[in-house]
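> Just dropping this structure here.
The values are calculated or read from the model by the stated rules, or taken from the named source; none is laboratory data. Predicted model, so just to flag it, every value in this text is computed and none were measured. Methodologically, a virtual Cβ is constructed for each residue, glycine included, from the backbone with ideal geometry; neighbour enumeration extends over all protein chains shown. Keep in mind that these areas ignore ligands, DNA and RNA; they rest on the heavy atoms of the full protein, side chains included. Shrake-Rupley method; radii C 1.70, N 1.55, O 1.52, S 1.80 Å.
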Amino acid sequence: MESDGDAVFFARVCIIDTNRERLAIHGGPRTLDGEPPHWPPIDDDVRRALADAWADGSWGRYHGQHVERLAAELAALHGVEHVLPVCSGTFAVELALRGLKIGAGDEVLLAGYDFPGNFRAVEAVQARPVLVDVEADGCLIDGERLAAAVGPRTRAVIVSHLHGMLVDMPRVMDVARGLHLAVVEDACQTPGATIAGRAAGSWGDVGVLSFGGSKLLTSGRGGAVLTADAEIHQRCKVFCHRGNHAFPLSELQAAVLVPQLARLAERNQRRSVAVERLRAATADLPALRPLLNRTASATPTYYKAAWQYVPNEAGDTSIDEFVAALAAEGAPLDRGFRGFAGRGQRRCRKSGTLDHSRRAADSTILLHHPILLEPARQIDLLARAMAKVAAAFAQHGR
């Protein structure tokens, strides 16, 4: 494997070359050939789990060993006593709020830049979202702004780890406790990440995971609610019970998640190495600033890796044009979330002007994770594609 120093040299050579090379979107050669990496990957352990579930008939049962085993292994990984697997990560956020007895007339704080489903989960329990700005140089809720956002009806806060960045949970938990707020910790993008020696998802009163089709742990759909509080867990179970579990993760879904969980740490490490290689190779590019985890004593994981786009360093090219050029090169990069800063007062209350949330929505570019398990040469080609596009727009503008 080439060193990080080789990767940096490779990218710098690419920048020189790309000054003379036509972009693929303008008819030039595509940098990354072939189809995008397959996700979920071809995995013999998953194949065996499917075959075993077929052979013993557990794939078609209401109750069996697979969901119980998955719940037990997730509980051990996160150091919590109670895990309830459910139909999706989005529903898991709603269920977490219900487990905390959040309902009509209550307010829930969340970042002005976040996954759209979290806003809708607050509405689903008939509570009112209250938007809090993100940090000045990132995409995460700013814990220092929580106190100013609290009103007499504010009961909880949703805290999301996003794009390879982790919230400073020890600090946020201290602030939340002082404000008498319950904490829902959204770890859907960060399975296996740690903060101050504890798993992401284990710090809040309730943690949430997702097993959606694009996630690092995938069963096509699915999620889980994590908590150390038996009463919260029981309220979640009672809400789901409609003669049986009405919002379940199936036995077959759980069966394919167990072998993925066994490989999670190894794959997370490979993804981290690839991200560091890519960042080293693209550190000096115009128009792209890497967004880095700044929480101390934390080990992030990479469902997405993020850059801030700086249009005035790319001939004032719009972010959509820039992303389209990257896509034409075969680079799996796209825009971030739209955020909530533009939503009206009928749907939410806003704390402050949300300037940083607007910036995050307008300027975040995200790398999707499957390429991070590819050989180093593919990471270098990705760096070349980013260099090619950045250099072309920086030199020629539109």
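> Would you mind working out the accessible area per residue for region 173-224, using a 1.4 Å probe, and quoting it in Å²? Each step should come with its number before you reach the end.
Numbers: 1440 Å² over 52 residues.
For region 173-224, the solvent-accessible area averages 28 Å² per residue.
> May I pose another question? Under the 0.36 nm per residue contour assumption, what length would be gained going from the current alpha-carbon distance of R198 and E81 to full extension?
Details: separation 117, 0.36 × 117 = 42.12 nm, distance 1.43 nm.
Fully extending the segment from R198 to E81 adds 40.7 nm.
> Any idea how far apart A124 and H180 come out in nm if each label point goes 7 Å out from Cα toward Cβ?
2.8
> Residue separation times 0.36 nm, minus the C-alpha to C-alpha distance between R270 and R294: what's the value?
Details: separation 24, 0.36 × 24 = 8.64 nm, distance 2.05 nm.
Extra length from R270 to R294 when fully extended: 6.6 nm.
> Computing the accessible area with a 1.4 Å probe over protein heavy atoms, can you report the carbon and sulfur percentage for region 118-157?
Working: 650 of 1560 Å².
For region 118-157, the apolar C and S fraction of the accessible surface comes to 42 percent.
> Rounded, prolate or oblate, given the Cα gyration tensor of region 73-124, with a/c below 1.5 counting as rounded? Show your work: numbers first, answer last.
Working: a/c = 2.13, a/b = 1.71, b/c = 1.25.
Cα axes put region 73-124 in the prolate bin.
> For labels at D56 and V238 in the simple 7 Å Cα→Cβ model, what's the distance in nm?
If labels sit at D56 and V238, their model points lie 3.4 nm apart.
> Once a ≥ b ≥ c are taken as the square roots of the eigenvalues of the Cα gyration tensor of region 46-199, is the result rounded (a/c under 1.5), prolate (a/b larger than b/c) or oblate (a/b not larger than b/c)? Could you put the intermediate results ahead of the total?
Working: a/c = 2.36, a/b = 1.80, b/c = 1.31.
Because a/c hits 1.5 or more and a/b exceeds b/c, region 46-199 counts as prolate.
> What percentage of the solvent-accessible surface of region 311-398, computed with a 1.4 Å probe over protein heavy atoms, is contributed by carbon and sulfur atoms? It would help to have the intermediate numbers written out before the result.
Working: 1690 of 3670 Å².
Summing carbon and sulfur atoms, their accessible area is 46 percent of the total for region 311-398.
> While we're on this one: Averaged per residue, what accessible surface does region 300-385 expose to a 1.4 Å probe, in Å²? Walk me through the intermediate numbers first.
Values: 3360 Å² over 86 residues.
Result: 39 Å² of accessible area for each residue.
> Further question: What are the lysines whose alpha-carbon lies under 19 Å from the alpha-carbon of K237, with same-chain residues fewer than 8 places away excluded?
Hits, sequence-local ones excluded: K101.
> Could you calculate the FRET efficiency of A246 with E35 from 1/(1 + (r/R0)^6), where r is the beta carbon distance between them and R0 is 45 Å, rounded to 0.05?
Values: r = 38 Å, r/R0 = 0.85.
Between A246 and E35 the formula returns 0.75.
> With a probe of 1.4 Å, find how much accessible area region 63-136 has per residue, and write the answer as a whole number in Å².
Numbers: 2590 Å² over 74 residues.
Spelled out: the 1.4 Å probe surface of region 63-136, per residue, equals 35 Å².
> Expressed in nm to one decimal, what extension gain is obtained for the pair S318 and E231 from 0.36 nm per residue of sequence separation less their Cα-Cα distance? Intermediate results must be reported in sequence, preceding the final value.
Values: separation 87, 0.36 × 87 = 31.32 nm, distance 4.98 nm.
In short, 26.3 nm is gained.
> Then there is this: Say each of H26 and D44 gets a label point 7 Å from the Cα, pointing the same way as Cα to Cβ; how far apart are those two points in nm?
The modelled label-to-label distance comes out at 4.8 nm.
> How large a share of the accessible area of region 48-110, in percent, is made up of carbon and sulfur atoms when the probe is 1.4 Å and the other protein chains stay in place? Walk me through the numbers on the way to the answer.
On the way: 1680 of 3040 Å².
So the carbon and sulfur contribution to the accessible surface is 55 percent.
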